[in-house]
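The values are calculated or read from the model by the stated rules, or taken from the named source; none is laboratory data. Keep in mind the model is a prediction, meaning the values are calculated, not measured. Glycine gets a Cβ as well: all are built from the backbone with ideal geometry, and neighbour counts include every protein chain shown.
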Amino acid sequence: MSEAMTKDNFRQTVQARRAEMDPAWRGEQSALIQARLMALPAMTSAVVVGLYMALPGEVAMTDFADGLVSTGRGICVPAFDPSRGAYALALVSPDTSFLQAPFGLREPEDPVWADPASLSCVVVPGVAFDEAGRRIGHGGGHYDRLLLETSATKIGVAFDFQVFDAVPAETHDVAMDIVVTPTRVLGGL
């Protein structure tokens, strides 16, 4: 991939590759990523973790979320907050009811908003990452705005084919502290 590629070029390339993924392979690779996540020093001491509800083609987080809950840690996920006109993080528990929201997302039906200062780590999906932690998302800037509100350790998760030497970034893009793939961990530990 050339550094001259635009964010949209990266999105198209990676989304085409995601569409070709075998579901069994995706599950195996997601399990490897979740195991690496759980072993991170930043995660072993985390009390409240921001997660996401995976869209088709994204790294699955179900086992990881279950592991966090089983160890008594708090979890929150993005949900649209009408009072802010933007996404915020909502706390979830085993008895949280979810609804289908725009863009195919699942969100808590009756959100209880998390204090961004309470988060230890935030696990973030992306379309593409680079070795310096720069991230290309779906293009709405929702995660960049959420991540500006917290000093939590920012952890991107991706399949190996989603990590490049360099991706384009703009001043408003929030870089990850760590990027985890099935085969490696990039960034600070």
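Looking at this structure, is A128 surrounded by fewer than 19 Cβ atoms within 10 Å (Cβ to Cβ) and either at pLDDT 95 or above or over 17 Å from V77 (Cβ atoms) (or both)? Let's see the steps before the verdict.
Details: surrounded by fewer than 19 Cβ atoms within 10 Å (Cβ to Cβ): no; either at pLDDT 95 or above or over 17 Å from V77 (Cβ atoms) (or both): yes.
Considered against the rule, which asks whether it is surrounded by fewer than 19 Cβ atoms within 10 Å (Cβ to Cβ) and either at pLDDT 95 or above or over 17 Å from V77 (Cβ atoms) (or both), A128 comes out as no.
Just give me the residues in the range 174-186 being surrounded by 18 or more Cβ atoms within 10 Å (Cβ to Cβ) and either in a strand (DSSP E or B) or of a type in the set (K, R) (or both), in sequence order.
I178, V179, V180, L186
Residues are listed down the side, and each one gets a yes or a no for (1) of a type in the set (A, V, I, L, M); (2) buried (at least 16 other Cβ atoms within 10 Å of the Cβ); (3) modelled with pLDDT of 95 or more; (4) under 12 Å from the mean Cα position of the chain (by Cα):
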{"site": "P94", "(1), (2), (3), (4)": "no, no, no, no"}
{"site": "Q100", "(1), (2), (3), (4)": "no, no, no, no"}
{"site": "G104", "(1), (2), (3), (4)": "no, no, no, no"}
{"site": "A117", "(1), (2), (3), (4)": "yes, no, no, no"}
{"site": "S120", "(1), (2), (3), (4)": "no, yes, no, no"}
{"site": "V123", "(1), (2), (3), (4)": "yes, yes, yes, yes"}
{"site": "A132", "(1), (2), (3), (4)": "yes, no, no, no"}
{"site": "G141", "(1), (2), (3), (4)": "no, no, no, no"}
{"site": "H172", "(1), (2), (3), (4)": "no, no, no, no"}
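Hey, could you check the range 1-35 for residues that are farther than 19 Å from R135 by Cα and acidic (D, E) and say which is surrounded by the most Cβ atoms within 10 Å (Cβ to Cβ)?
E28
Which one of D81, D66 is farther than 27 Å from R145 by Cβ and modelled with pLDDT under 95? Write out each step before concluding.
Details: D81 fails: farther than 27 Å from R145 by Cβ.
Only one candidate qualifies: D66.
Just to be sure I understand the filter: pairs with C-beta atoms under 6 Å, separated by 6 or more residues or on different chains, first member in the range 31-50 and closer than 18 Å to A117 by Cα and touching a residue at least 12 places away in the same chain (Cβ under 8 Å), second member hydroxyl-bearing (S, T, Y) and surrounded by fewer than 21 Cβ atoms within 10 Å (Cβ to Cβ). Which pairs pass?
Sorted first by the residue in the range 31-50, then by its partner, the pairs are A46/S120; V47/S120; V48/S118; V48/S120.
In the range 106-115, which residue that is in a loop (DSSP other than H, G, I, E, B) and acidic (D, E) is surrounded by the fewest Cβ atoms within 10 Å (Cβ to Cβ)?
Among them, the one singled out is D110.
Going by the conditions given, is D66 on the phi < 0 side of the Ramachandran plot, of a type outside the set (S, T, Y) and either surrounded by fewer than 11 Cβ atoms within 10 Å (Cβ to Cβ) or in contact with a Cys (Cβ under 8 Å, 6 or more places away or on another chain) (or both)?
No, not satisfied.
Collect the residues in the range 77-98 that are more than 14 Å from L51 (Cα to Cα), in contact with a Pro (Cβ under 8 Å, 6 or more places away or on another chain) and assigned to a strand (DSSP E or B), keeping them in residue-number order.
Hits for the range 77-98 are F80, D81, F98.
Hey, could you check the range 143-160 for residues that are hydrophobic (A, V, I, L, M, F, W, C), in a loop (DSSP other than H, G, I, E, B) and more than 18 Å from T171 (Cβ to Cβ) and say which is nearest to the chain's Cα centre (by Cα)?
Looking at the filtered set, the residue picked out is A158.
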